[in-house]
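Working notes, beginning with the structure itself.
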Amino acid sequence: MNIITKTSIREYPLLSRGKVRDIYEIDPQTLLIVTTDRMSAFDVIMNEPIPYKGVVLNQITLYWMAACKDLVRNHLLATDVRDFPAALAPHAGDLEGRAVIVRKAKPLPIECIVRGYLTGSGFKDYKATGTVCGYKIPAGLVDSDKLETPLFTPSTKADLGAHDENITLADAKSRIGEGLLKKIQELSLAIYSRGRDLAAERGIIIADTKFEFGLDGKDILLIDEVMTPDSSRFWPADKYVPGQSQPSFDKQYLRDWLSGTGWDKTPPPPTLPAEVIAETQKKYLEAYELLTGTPLQLP
């Protein structure tokens, strides 16, 4: 198992290199997805990796996909490098723990955000308008308050370097149709509820999260990452106090550090000190160990 910032697998064509994932085409129906240790914040890729962060993200995603497989099909075909095509054997050290073979699906052009607590851009929206993404919210709530009912708030799916933008349900319906929107709204809320309840048993609050779905013919598949520290806010339940920002097991620590440097959130990013890299890695590993109940075995 190696620290990976960028893959170079010449045996198969590279389809995309995103902020975190490298995706290769195995054949017209099958993809290889490699979750690297690249770290992005404010939609900018940092110069330094967070060691084995990609392994953490991949393993947490596998944990949740298994926990929610009765709710929704997912795109997984193989999760162990020993089950990968023989042509990938020379890359086993780079792929171990961080790569999956998946069924190719057509990604939907929206991201499915579920908010269980009032924080982040949702709290900013609430302070300005009294609403969150078009939902009327009771007056008098404070930062990090629990919402009476989790909210489904879709967003655009921006290209690399651009920012996702919150959209209304009406806008989402115009993009994918009313029937499909209703199905992914129901699925998103069901998966979040399952994850929220399981995480609560482990002392973690999942404040909000983001899902992606794709179509395999007419079938809806859960794709990409699921309730990871990159796509969610994880708060320690024993330190939760409404009315302030919360300590977290996710990239919020890094965002806060970056904001404190005065960086304007455009490339190039600041150099990450060794202690910031180490603390960020520690938070990701804590999230995995708390959620799954087992430590992650790293070199």
Report task. Could you please tell me the mean projected area of the C-alpha convex hull for the stretch 63-139, averaged over all directions and given in square nanometres to one decimal? Result -> 8.3
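Suppose we look only past 25 Å in the calculated P(r) of the stretch 1-133. What percent of the Cα-Cα pairs does that tail hold? It would help to have the intermediate numbers written out before the result.
Details: 3179 of 8778 pairs.
Roughly 36 percent, rounded to a whole number.
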Query raised in the report: If you place +1 on the Cβ of every Lys and Arg and -1 on the Cβ of every Asp and Glu, how big does the dipole about the Cα centre of the stretch 1-124 come out, in debye to the nearest 20?
Result: 380
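So how much slack lies between T149 and D70, counting 0.36 nm per residue of separation and subtracting their Cα-Cα distance, in nm?
26.2 nm
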Query - Cα-based Rg / Dmax (Å) for the stretch 139-229 - result: 14.6, 46
Query - With eigenvalues of the C-alpha gyration tensor scaled by 5 and rooted, the chain, Å - result: 29, 24, 19
Query raised in the report: At 10 °C and 1.306 mPa s, what whole-number value in µm²/s does Stokes-Einstein give for the translational diffusion of the stretch 221-299, with Rh from the Kirkwood sum over Cα pairs?
Result: 110
Query raised in the report: For the stretch 15-84, what is Rg from Cα atoms divided by 2.2 N^0.38 Å, rounded to two decimals?
Result: 1.23
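For the stretch 50-190, count all C-alpha to C-alpha pairs, find those more than 25 Å apart, and express that count as a whole percent of the total. Don't jump to the answer; show the numbers that get you there.
Working: 4471 of 9870 pairs.
When every Cα pair of the stretch 50-190 is considered, 45 percent fall beyond 25 Å.
FYI, it's all coordinate maths here, none of it is from the lab. Model, not experiment: these values are computed from the prediction. When we count neighbours, we look across all protein chains shown, and the Cβ atoms used for this are built from the backbone with ideal geometry, even at glycine.
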